[in-house]
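Since the structure comes first, as structure tokens, the remarks are kept for the end.
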Amino acid sequence: MVRGALRGGRPMRGGIRPPFKKTFVPRHPFDLTLAEVFFPKVPQAGTVDDSALTAALLKRNQDLSPTPTEQTAIGNLVTKVQAVLDNLVLAPGDLTTCQLEEVRQVGSFKKGTILTGNNVADIVVILKTLPTKEAVDALAKKVETDLKASMKTEVLTKGDQHTIQTHERGFDVANMHAKVRIMIATLPQNLRKLEPEIHMDHKLMQSHLAAIRHTRWFEENAHHSSIKVLIRILKDLTRRFDAFSPLSAWMLDLIAHLAIMNNPSRQALPINLAFRRVFQLLSAGLFLPGSAGITDPTEPGHIRVHTAMTLEQQDVCCYTAQTLLRVLAHGGYKHILGIEGNTSIVREMSVWNGVCVSPLNAVYEKPTDKKEGDLEEDIDMIENENEDDGSDDGAE
């Protein structure tokens, strides 16, 4: 009698069951804004007056915005560098070591979310040819020469004189008032041909191409002024609170867009409600391992942006947001925004209108009986089994 068959020789219905396969099912964190129809608010004698918070947020945004002098300085330098690069696309002249395909502005300056004191603009130069280090050096020298030629009729002060400095991403054109960062990329079909010993880093090339897609998506979907205000405030939070420093600029763009635009009415939320919602979402576990998080809209597949953070960073971000949300609920917004006090509220107990807020502690503990490689393998198996890793090849 054949093993697995019933009496009489008839095989089992369905045959032999395949081994159990662990499947990752992401879950959306609780979002009061989306669930408000199911959880109606309790009638109160009066609505909560958030005018002071709104005024503080707008004032903080004004303080973080670049001054007119800074805007003029960075704008003038970007215009000059852009003109030189655009001319090299059409007429390279004696530049024979590389060929330029396209020049695109990216980053905070292009998006309108730049902070004061950080007068840096980013430009991505896509090469038709392979990006060798010698080619980048030659391009930097050519840009310097053409810049001097275009400015020879101008009366330059010492602060307006520019310098060129190369680095692993490309090169910088800077003066005493502003800096333009030139980031080198190549055509997507060339990425497979890169050799580490000869060409620039493959991952840096991918990140530069991704920056173009991020900027294009932002211009199409996140052009509302409230989104830019919230992004600028969140950037300041990442500078002052270490727990939020792993959040990249792209993560901040996406969570600001989510907090303001993703609601039942599809209309932009007021800045005070959106600011609270960011902390509510992070506190509810938006960027924790089991969460659906935010899917990168510019990548193929279902890439959740927060998987770029380690498990420890995700935990610290969550419990810090929970602490700050409690502080915010009791009127401590000035300390969160940096108008008063300092960041010790996430490390020490504080009292707000008679309410004691104690900082929370870490939940995640790194396993000691597993090697680091084994831990990463487990994370990939559980979380990314059904996700496409994606690449920039052919993404444009």
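Quick one: putting +1 on the C-beta of Lys and Arg, -1 on the C-beta of Asp and Glu, what dipole do you get for region 63-223 around its Cα centre, in Debye to the nearest 20?
140 debye
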Query raised in the report: Projected area of region 97-252, taken from the Cα convex hull and averaged over every viewing direction, in nm²?
Result: 11.0 nm²
Report task. With a 1.4 Å probe and every protein chain left in place, work out the accessible area per residue of region 225-366 in Å², rounded to a whole number. Result -> 41 Å²
Report task. Rank these by accessible area, largest first, 1.4 Å probe: M251, M261. Result -> M261, M251
Report summary line: The distance between the Cα centres of region 295-371 and region 168-201, in whole Å, is 34 Å
**Report entry** At 0.692 mPa s and 37 °C, Stokes diffusion of region 225-366 via Kirkwood alpha-carbon radius, µm² per second
**Finding:** 210 µm²/s
Query - Per residue, in Å², the accessible surface of region 63-186 once ligands and nucleic acids are set aside, probe 1.4 Å - result: 49 Å²
Report summary line: If N is the residue count of region 42-131, its Cα Rg over 2.2 N^0.38 Å rounds to 1.76
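Efficiency by 1/(1 + (r/R0)^6): what FRET value for D201 and S150, r their Cβ-Cβ distance, R0 = 25 Å, to the nearest 0.05?
Values: r = 31 Å, r/R0 = 1.24.
Efficiency at R0 = 25 Å is approximately 0.20.
Take each complete run of DSSP H in the chain, measure how far its Cα atoms stretch along the helix's own axis, and keep only those covering 30 Å or more with mean Kyte-Doolittle hydropathy at least -1.0; list them.
68-90
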Query - Accessible area of region 63-223 belonging to carbon and sulfur atoms, whole % at 1.4 Å probe - result: 50 percent
**Report entry** For the chain, convex hull volume per residue from C-alpha positions, Å³
**Finding:** 237 Å³
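The values are calculated or read from the model by the stated rules, or taken from the named source; none is laboratory data. Remember, predicted model here, so these are calculated numbers, not experimental data. Every residue, glycine as well, gets a Cβ built from its backbone with ideal geometry; the counts of neighbours run over all protein chains shown. Note: areas computed on protein heavy atoms with side chains; ligands, DNA, RNA excluded. Shrake-Rupley method; radii C 1.70, N 1.55, O 1.52, S 1.80 Å.
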